[in-house]
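The values are calculated or read from the model by the stated rules, or taken from the named source; none is laboratory data. Nothing here was measured: the structure is a model prediction, and the numbers come from that model. All Cβ positions, even for glycine, are placed from backbone atoms using ideal geometry, and neighbour counts span all protein chains on display. With ligands, DNA and RNA removed, areas are computed over all heavy atoms of the protein, side chains included. Shrake-Rupley method; radii C 1.70, N 1.55, O 1.52, S 1.80 Å.
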Amino acid sequence: CAPHRKAITGLLTPRNSATQRRRPMKFRRKIYMVGGALTPFIGKMHPDFIWKKHPDFGTRENPTLEETLSAAIQKALADTNVDADAIEKGFIGNFAGELFSNQGHLGAMAVRADEKLNGKPFTRVEGACASGGLAAIGAIDALNAGYDVVMAAGAEVQTTVSAREGAGFLARASHWEEEREIDDFTFPAMFARRAKFYKEKFGVTDEDIAHVTVKAYANANKNPLAHMREVTMTLENASAASDRNPAFLRNPELKEHLKVSDCSQVSNGGAAVILASEDGLKKLGIDPSDCVEILGYAHTTSPLGRVNDYTVLDNTELAAKQLYEETGLRPSDIDVAEVHDCFAVTELLMYEALGFAEPGKGAELARSGATAIDGDIPVNTGGGLIAYGHPVGATGVKQLLEIYRQMKGQCGDYQMPNAPTVGLTANMGGDDRTTVVMALKNV
Ligand code: CAA
């Protein structure tokens, strides 16, 4: 470890009262990720996104939810060279297809992607922005139960309505009756509240938090699949509200704590991965050395609307503790991480919940450069939710694939200098109410 990381990191003691109630998820078999694929993540400010200022506006449409999901599934099959007939089961992460696209029942939608999938058991799973992570653990559970080759995919199309109307759809991931009224932009306001308390408690500044944003855009600028691949971000722009970067909340107590640049994107996109047991790899004729092993996962949920301390992601912290216990890993073993940076402050809270930094020291870790691509613990190497984009149902699946791609040296201009051996993902739903964390190892 570099000296600065040694000073900041350490295993944390969980503060979540549910600690003792966990039932460990022990893997019964070795489980591998064979590979997968992503669609580009697109939305406003992406050159291919069709909106009123695009030259093709009126003549060309953005891909629909079905087209996005199908494209991810078809590309995953093609890129891994796996025949669709070998897929025994599938899980599809999607949060709000009914609201954004008038479309539910996405298991049955997914099998339209390839004739050979017809008749196979495909199911949609939903846990807000953790839906993709839940699809992946659905696949892992199925493999542990005896299936040998299973697909996990996720997709979301969110640009069918304005950002304000979409914020109302996303607010279904909060406790609607108790939390919706905080602001039209419910989730941005909930995380502005976390930023307010975090800044006040630890003396953190907006500029400290802006380091997360600048890193996210710098990484996305090297990533051809990223929503914000052509948008640059300076520390000056990310540090303060301006005409270009408005503080857009109406809630008077929270408005000053969040700007557009702090937010994840309203993106469309899909991701799909193929997971297999050792027997599955044999059936597919794939050597384990071409795969990434899933070492373990933890999944925790906490009651909607009941956050004890806005400066802590205690549900994620509990999941991380379980994962470390079950895998024997420590935070200092992690070479790369994909974390749920739905807002810039969330990434700092994630560093702390995952044990990369002590409480209140997340900003110091970001400032030190340790989480940049060439740092000691690179985080969100492709741009994260802030700049790679956040098609919510796809995000958890994308995180896994990003770790796989870094491990296999497939990240092109944003490839880490040394391919990582151990990686971690943290996918979060709601205001830290559902979390899926997973540990992966290059074989
Ligand atoms: N000055 C003042 N206000 C301005 C302004 C300016 N110059 N420009 C815009 N605004 C205000 C306006 O009020 C505008 O709303 P209306 O047009 O409806 O009046 C509002 O800001 C938004 O402006 P835009 O529609 O132009 O915003 P945009 O399309 O550029 O989107 C964004 C920016 C609102 C930040 C959008 O990217 C966003 O909503 N991001 C967050 C997405 C999100 O919340 N995802 C979920 C994360 S939570 C999670 O992951 C967990 C879970 O389970 C949900």
### Distance between modelled label sites at residue 165 and residue 108, nm, 7 Å Cα→Cβ extension
2.6 nm
## Note on the structure
Residue separation between residue 231 and residue 282 times 0.36 nm, minus their alpha-carbon distance, gives in nm 13.9 nm
## Note on the structure
Of the DSSP H helices in the chain, the ones reaching 15 Å or more along their long axis in Cα terms and averaging at least 0.0 in Kyte-Doolittle hydropathy are 65-80, 131-145, 392-407
### Message
Before I look further, what does the chain give for accessible area per residue, probe 1.4 Å, in whole square angstrom?
### Response
39 Å²
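In percent, what relative contact order does the chain have, based on Cα pairs under 8 Å that are 6 or more apart in sequence? Working shown, then result.
Working: 1050 pairs, mean separation 115.4, N = 443.
Taking the mean separation of contacting Cα pairs over the length of the chain, I get 26 percent.
Subtracting the Cα-Cα distance from 0.36 nm times the residue separation, let me have the gained length for residue 358 to residue 44 in nm, one decimal.
Working: separation 314, 0.36 × 314 = 113.04 nm, distance 3.61 nm.
Once the chain is fully extended between residue 358 and residue 44, it gains 109.4 nm.
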### Query
At a Förster radius of 22 Å, what calculated FRET efficiency corresponds to the Cβ-Cβ distance of residue 253 and residue 207, to the nearest 0.05?
0.55
### Query
Under 5 Å between amide H atoms, partner at least 5 residues away or on a different chain: which partners does residue 124 have, H built in plane at 1.01 Å?
92, 106, 107
### Query
Taking R0 as 56 Å, what's the FRET efficiency between residue 242 and residue 306 from their Cβ-Cβ distance, rounded to 0.05?
0.95
#### Entry: Difference of contour (0.36 nm per residue) and Cα-Cα distance, residue 85 to residue 333
85.5 nm
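Out of all DSSP beta bridges with both ends in the chain, state the antiparallel percent to the nearest 5. All intermediate terms of the calculation are to be shown ahead of the outcome.
Details: 37 of 53 bridges.
Here the share of antiparallel DSSP bridges comes out near 70 percent.
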### Estimated distance in nm for a label pair at residue 218 and residue 413, the labels positioned 7 Å out from Cα along Cα-to-Cβ
1.5 nm
### Task
Could you pull the accessible area for residue 147 with a 1.4 Å probe, rounded to 10 Å²?
80 Å²
### Query
Of the residues 216, 163, 152, which exhibits the maximal mean-square fluctuation in a Gaussian network model of the chain defined by a 10 Å Cα contact cut-off?
163
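Quick one: which of 99-109, 57-67 comes out on top by average Cβ neighbours within 10 Å, and what's the full order, highest first? Walk me through the intermediate numbers first.
Values: 99-109: 17.2, 57-67: 14.5.
Order by mean packing, descending: 99-109, 57-67.
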#### Entry: Heavy atoms of residue 231: accessible area, 1.4 Å probe, square angstrom to 10
30 Å²
### Query
Can you give the FRET efficiency for residue 98 and residue 374, using 1/(1 + (r/R0)^6), R0 = 30 Å, r = Cβ-Cβ distance, to the nearest 0.05?
0.10
### Task
Quantify, in whole percent, the carbon and sulfur part of the accessible surface of the chain (1.4 Å probe; protein heavy atoms only).
48 percent
